[in-house]
Amino acid sequence: MDLSGATWRKATRSGNTDCVEVADNLTEVVLVRDSKNRDGGTLHVTPSSWQSFLALAKQIGPAT
């Protein structure tokens, strides 16, 4: 799979020090990585799994 077209952006709910970057512009995969350690690994999930995760996160809300 060609990931060279990934467009990374800071996740909406990331804080100033705990930043997660997301590339959700590819058709077959959503990529997630730590912005402080971009070479440390990338989580690959299907777009449907990503949407399910977002729906659950919105339902649960932020950690306290």
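Among the residues of the range 42-56, are any out of contact with any His (no Cβ under 8 Å at 6 or more places or on another chain), open to solvent by 100 Å² or more (accessible area, probe 1.4 Å) and in a loop (DSSP other than H, G, I, E, B)? Scanning the range 42-56 turns up no residue that is out of contact with any His (no Cβ under 8 Å at 6 or more places or on another chain), open to solvent by 100 Å² or more (accessible area, probe 1.4 Å) and in a loop (DSSP other than H, G, I, E, B).
Scoring T27 on the criteria (1) surrounded by 10 or more Cβ atoms within 10 Å (Cβ to Cβ); (2) in contact with a helix residue (DSSP H, G or I) (Cβ under 8 Å, 6 or more places away or on another chain) leaves a single failure, condition (1).
Every residue, every condition in (1) more than 14 Å from the chain's Cα centre (by Cα); (2) hydroxyl-bearing (S, T, Y); (3) modelled with pLDDT of 90 or more, yes or no:
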{"residue": "M1", "(1), (2), (3)": "yes, no, no"}
{"residue": "T7", "(1), (2), (3)": "no, yes, yes"}
{"residue": "C19", "(1), (2), (3)": "no, no, no"}
{"residue": "G41", "(1), (2), (3)": "no, no, yes"}
{"residue": "S49", "(1), (2), (3)": "no, yes, yes"}
{"residue": "A55", "(1), (2), (3)": "no, no, yes"}
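Pairing residues of the range 26-52 that are on the phi < 0 side of the Ramachandran plot and of a type in the set (V, I, T) with residues that are open to solvent by 100 Å² or more (accessible area, probe 1.4 Å) and in a loop (DSSP other than H, G, I, E, B), at Cβ distances under 9 Å and at least 6 apart in sequence or on separate chains, gives V29/M1; T46/E28.
The values are calculated or read from the model by the stated rules, or taken from the named source; none is laboratory data. Keep in mind that what you see is a predicted model, and the values were worked out from it rather than measured. Every residue, glycine among them, receives a Cβ derived from its backbone with ideal geometry; neighbour counts consider all protein chains shown. For accessibility, only protein heavy atoms count, side chains too; no ligands or nucleic acids. Shrake-Rupley method; radii C 1.70, N 1.55, O 1.52, S 1.80 Å.
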